[in-house]
Amino acid sequence: MSPPAPPSTALATGTGPSPPELPPPPASDFFSETQWTVLMALLDAVVPSITTASIAQDEKTKTRIREERFDDVVKYARKTMADPPSADNLRAFLEDRPCSDPAFIYKVRRTLGTASESSRKQLGAALTALSTRAGSLLLTGHATPVQDQPLHVRETILQNWAATRWFGTPRLLFKAFAMLGTSAWLQTSPLFRQVGGFDEVPPNWKAGPAEDFEFLQFPSGQSEAVLETDVVIVGSGCGGGVCAKVLAEAGHRVVVVDKGHYFPPSQLPMPQDQGAHYMFENNGVIASSDSAVNVIAGSCWGGGGSVNWSVCLQTQGFVRREWAEEHGLPFFETNEFQECLDRVCGFMGAGESDNSIQHSHRSQVLLDGSRKLGWHAKVCPQNTRGKEHPCGHCHLGCGSAEKQGPAVSWLPAAAKTGRAKFVEGFSVDKVTWRENSGKKRAAGIVGTWTSRDANGGVSGPDEERTTRRVRIKAKKVIVSAGSLNSPLVLLRSGLTNRHIGRNLHLHPVNFVGAYYEEDTKPMEGGIITSVCTTLEDLDGKGHGVKLEAMCMVPYLFVSQLPWRGGLDFKLQSLRYRHLDGFIALTRDRDTGRVYPDPVTGRPCIDYYTSQFDAAHALEGVIAIAKICYVTGATEIHACLPGVEPFVRESSSSDKKEDLGVRDPAFMEWLDKVRAAGNKAPYAPFSSAHQMGSCRMSSHPGGGVVDPKGKVWGVEDLYVADASVMPSASGVNPMVTNMAISDWIARGIAAELKA
């Protein structure tokens, strides 16, 4: 019997998308029952059920506040929100207890189920210690085990861990529990969506046209299925998509494989929980080995280009000069590279009409605040072919199909030639090699293909799926699996170059949140449509920060706001529709590495934001705070440990006393931000850009690939994605990635014709 075909790609219309169901939660046996009890007791304190003293009964599951305090909360909501909830809805919101919600519990299980075994062992050891009198006394100052404490005591323990002056285990435990609890709640709570005003469906949603990729299907069988082609491309993202189009249009047969799946616009954007699970690596986030940085990376058909934020910034001259002079790669200063940049931007319609861009509140704040401060800011071109595209949901997939990611533009263009074939659900084991060929030459790839389930979906049980070993023979192999996975493919293929997986750049970011009196409509307007570049060169060598708006999908940003207590966090999230988020995006000088988990083989990241790069990020935080201040923010949160928010006094906005950023109260607060610092791993750093782990170099001892993308020391094997960048791009890397991949693919096409 043939495997089921993918779901229908017919144009869909209706009130909202039809996303895939989540699969059953993974097994939970990596923790004991006692360890789970301790964990849930602490997560109960991160996002607690808060109720009034007159009706509270159970101190183990509820935090009590006086009725007068609840009345104050109602008044606070009415004062700070344009459309506050009713008292009854607010009471229900505060009483919401995530730990009694199966969706929350399953989310926690899925998150921990995809964590590395070493991380789980470390966390498990801490949970075991906290379940004992001795361990609890050591870590909390209380002899009573954590799970036996009243809820308000557990909350105080978390607050003490967050505020401790001593670096080490307590701070890291707090960071882990706070992020896990808040993120899971924001993804799964119906009450947050209702009362906080987050709508999972864009206004006037209508599904755009889908693509029929006619994915190859393989019947069940014991023997390997075998395909032959001219070029096999591992990865369907920004690098692989460009290579597929270039090579297919040049007349060559191409097969593109990806471990992810295609989701048509009728299923997009997904809800937060499904989107994190199906469209990103590792259920939404990969934490570095010491929890110093959280990394998000696309893992679906179209790769990062299906979930990125539309920004199309070309590689800047100072970066191109660095690559030419310091790395011995003069191509980057040639007109040929500029033609590559212009060609990929032109194909996506990037910058066709900046006048069509609809700025979000926060992108307009960046432009207005920069102007008021005399700083340089500009509009970011978008890959939307001149369409307005005022959608803040694209992190979870673009339902309108206006964003010209690989699955909408590059790969369909390859398909139209009739020379490209596509395979989803294909996990590559390794590159294969030609026998008796003298010099080592790539011969193709081998891996395991897994079908969709019985309904053509992706959430059904394994027994409904067909698996088959597949060997693809090819004249040329291009690895375009991204900076986290391309090195792992090379390592699994037996290559031993010491640079493979190293030189990893992440563009680490710090966050700033700001509340405004007006409704900021967080999910409306483009995600990033402006950038402030004033601080992009803080060391005179091209290292600094760019200031950009943040995607306001709640689990991404609201979870970054400093946690000071359960009630405080719920009140912060309650005001979601008055919140703007920003990032200080750092062009990092110093690097890390990616390596395979010794048990699962999945990517593990060893990256510690250096003091040099962290200092630049801190300057970005302070600059964003100034922008927020001069644009009228009523409350500013530097998302750093130990920093209280700046709350503008009503008199501070009196124009007669307007001192701008020289306001003494604001300057005093900025001094406190500087004093607190942002030392890793305690400060929250995140990354959505991964680069450099298969670095291009001018000689074999300096990197992984040569100036044409060919892997040093072997023949017929290439890498074409952001991993070949010699150092950090300094801008959102999609266009740079595509331009380099365009160059590499054109060189391969010429070789095949020679």
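What's the number of the condition G418 fails, among (1) among the small types (G, A, S); (2) in a loop (DSSP other than H, G, I, E, B); (3) on the phi > 0 side of the Ramachandran plot; (4) touching a residue at least 40 places away in the same chain (Cβ under 8 Å)? Here G418 clears every test but (4).
Restricting S427, S437, S483 to those that are of a type in the set (S, T, N, Q), at pLDDT 95 or above and either touching a helix residue (DSSP H, G or I) at 6+ places or on another chain (Cβ under 8 Å) or not in a strand (DSSP E or B) (or both) reduces the list to S483.
Each residue in the range 237-296 was checked for being over 30 Å from P190 (Cα atoms) and among the acidic types (D, E), and 3 of them qualify. Check the range 741-750 and report whether any residue there is of a type in the set (S, T, N, Q), under 25 Å from the mean Cα position of the chain (by Cα) and in a loop (DSSP other than H, G, I, E, B). No. You will find that of L158, L112, the residue that is within 28 Å of the chain's Cα centre (by Cα), among the aliphatic types (A, V, I, L, M), outside the structural domain of P641 (by TED's automatic domain parsing) and within 30 Å of Y595 (Cβ to Cβ) is L112 and no other. So is C345 among the hydrophobic types (A, V, I, L, M, F, W, C) and surrounded by fewer than 23 Cβ atoms within 10 Å (Cβ to Cβ) or not? Criteria met by C345. In the range 590-597, is there at least one residue being among the β-branched types (V, I, T) and either within 23 Å of the chain's Cα centre (by Cα) or closer than 30 Å to N89 by Cα (or both)? Within the range 590-597, one or more residues are among the β-branched types (V, I, T) and either within 23 Å of the chain's Cα centre (by Cα) or closer than 30 Å to N89 by Cα (or both).
Number of residues in the range 30-70 that are assigned to a loop (DSSP other than H, G, I, E, B), surrounded by fewer than 16 Cβ atoms within 10 Å (Cβ to Cβ) and at pLDDT 95 or above: the value is 1. Checking G713, G692 one by one, the residue that is among the small types (G, A, S), more than 30 Å from P381 (Cβ to Cβ) and not assigned by TED's automatic domain parsing to the domain that holds T534 is G713 and no other.
The single residue among A126, A143, A176 that is touching a residue at least 60 places away in the same chain (Cβ under 8 Å) and either of a type outside the set (F, W, Y) or on the phi > 0 side of the Ramachandran plot (or both) turns out to be A176. Can you tell me which residue is nearest to A615 (Cα to Cα) among those in the range 524-578 that are of a type in the set (D, E) and out of contact with any strand residue (DSSP E or B) (no Cβ under 9 Å at 6 or more places or on another chain)? So the residue we want is D539. Based on this model, can you work out whether S86 counts as without any contact (Cβ under 8 Å) to a residue 24 or more places away in the chain, of a type outside the set (A, V, I, L, M, F, W, C) and farther than 30 Å from P264 by Cα? Yes, satisfied.
What is the number of the single condition among (1) farther than 28 Å from P596 by Cβ; (2) out of contact with any Phe, Trp or Tyr (no Cβ under 7 Å at 6 or more places or on another chain); (3) not in a loop (DSSP other than H, G, I, E, B) that T315 does not meet? If we test T315 against (1) farther than 28 Å from P596 by Cβ; (2) out of contact with any Phe, Trp or Tyr (no Cβ under 7 Å at 6 or more places or on another chain); (3) not in a loop (DSSP other than H, G, I, E, B), just (3) comes out false. Residue check: S686 meets all listed conditions (1) among the hydroxyl-bearing types (S, T, Y); (2) assigned to a loop (DSSP other than H, G, I, E, B); (3) out of contact with any Lys or Arg (no Cβ under 6 Å at 6 or more places or on another chain) but one, namely (2). One residue stands out in the range 471-508 among those that are β-branched (V, I, T) and crowded, with 24+ Cβ neighbours inside 10 Å: the one that is farthest from P733 (Cα to Cα), namely I472.
Might you let me know whether the range 361-373 holds any residue that is within 27 Å of Y516 (Cα to Cα) and either modelled with pLDDT under 95 or not in a helix (DSSP H, G or I) (or both)? Checked the range 361-373: no residue is within 27 Å of Y516 (Cα to Cα) and either modelled with pLDDT under 95 or not in a helix (DSSP H, G or I) (or both).
The values are calculated or read from the model by the stated rules, or taken from the named source; none is laboratory data. The shown structure was predicted, so the numbers you read here are calculated from the model rather than taken from an experiment. Please note: Cβ atoms are built from the backbone with ideal geometry, for glycine as well, and neighbour counts cover all protein chains shown.
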